[in-house]
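Contents: one structure, followed by commentary.
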Amino acid sequence: TLNSVIRAKIEELKSEDRIGTMQFFKCTLVMVEEVGGKDIPFSAITVEWLQKCEKLWSKTRSVSTIGMHMRNIRTLMNEAKRAGVIKESQYPFGKGLFEIKTGIGRKKGLTKKQLKAIFDYKSGNETTNRYKDLWIFIYLCNGINPTDMLKLKFSDIVDGEICFVRQKTERTTKNRKEIRATISVQMQAVIDKWGNKPLPDNYIFPYMKGNETAIEAKAITRDVVKRINKRMKLIGEELGIGNITTYTAKHHTISI
């Protein structure tokens, strides 16, 4: 059944410490069971069934969210097809069959003037200043993923550059990508103000201890991202820029 295959996928992802993707597949399982119950045979997954899912889910979810869950189902259907569980004629995705819709991306870029206002912003609240500075660090470190930022150690600093492998690519040798970012004066100021003691084995920022399970590390990252987003939303409102998030810092196009 689709249910049992999703559960197996969840276990596989858990064993690989791919916690974000695991949680996403858990959500897919809840969503398909909303439509088809606890025992959905692969033969039931037709174009019509997928359209039914799409119609029901669209009442409470965005086009891009539905698209991501549909891609999870498609991944499992591809695996089922390769394993001979379903025939080619039973495969419901593709041109003229069920086509996954994609959400229209919104431009996330900030203008130079808006960036300067954020960089110059000072709050009377120390917590707001801390999380604003972490946002600035993400921005200046080539839009580093918050997960990667919290795992940076002082030993990752070599000749004035931060060198790290993106967690998203470290499992695959084909796409393994080393990122380098020169430590600017502003980045160094953030490290000096909010960082740990600069010893090689220490994490740069004081959130991880090093003995966390993958699930605990994911929870810490989520909490920090939530705190940054909360403070940046307040700053965005005060500066008249609108909602600013870690996503905005990761998808920038302008250097200051």
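Please treat every number below as a calculation from the coordinates, not as lab data. Owing to the predicted nature of the structure, the values given are computational and were not obtained by experimental measurement. Note that we place each Cβ from the backbone using ideal geometry, even for glycine, and neighbour counts take in every protein chain shown.
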Selection of chymotrypsin sites (Phe, Trp or Tyr not before Pro), segment 7-61, meeting DSSP coil and at most 15 other Cβ within 10 Å: none
Point-charge dipole on Cβ atoms (K/R +1, D/E -1) for segment 112-250, about Cα centre, debye to 20: 480
Angle in degrees between helix 185-194 and the longest Cα principal axis of the chain, rounded to the nearest 10: 80
Hydrodynamic radius (Kirkwood) for segment 1-158, which is based on Cα pairs only, to one decimal in Å: 19.1
Given charges at beta-carbon only (K, R positive; D, E negative), |dipole| of the chain in Debye: 640
For segment 112-250: rounded, prolate or oblate by the Cα gyration tensor [a/c cutoff 1.5]: prolate
Global geometry of segment 2-90, whether rounded, prolate or oblate, following the gyration tensor of its Cα atoms and the 1.5 cut on a/c: oblate
Lysines whose Cα lies under 25 Å from that of Lys101, excluding same-chain neighbours fewer than 8 positions away: Lys9, Lys26, Lys52, Lys55, Lys59, Lys81, Lys87, Lys168, Lys250
Loop trypsin sites (Lys or Arg not before Pro), segment 181-256 (other Cβ atoms within 10 Å of the site Cβ: 16 or fewer; DSSP): Lys209
From phi via Karplus (6.51, -1.76, 1.60), per-residue ³J(HN,Hα) for segment 82-99 in Hz, x at Gly/Pro: 4, 7, x, 6, 10, 7, 3, 5, 8, 6, x, 9, x, 5, x, 10, 8, 9
Estimated FRET transfer efficiency (Phe42, Lys101; beta-carbon r; R0 25 Å; 0.05): 0.65
Candidates per trypsin sites (Lys or Arg not before Pro) in segment 1-88, loop by DSSP, up to 12 other Cβ within 10 Å: Lys38, Lys59, Lys87
R0 of 30 Å, Cβ-Cβ distance Glu126-Val185: FRET efficiency to nearest 0.05: 0.90
Mean separation of Cα contacts under 8 Å (6+ apart) over length of the chain, as relative contact order %: 19
Pairwise centroid distance, computed over Cα atoms, of segment 179-194 with segment 106-153, Å: 12
R0 of 41 Å, Cβ-Cβ distance Asp201-Lys26: FRET efficiency to nearest 0.05: 0.75
Amide hydrogen neighbours beyond the local backbone of Ile183, cut-off 5 Å, H modeled: Glu161, Ile162
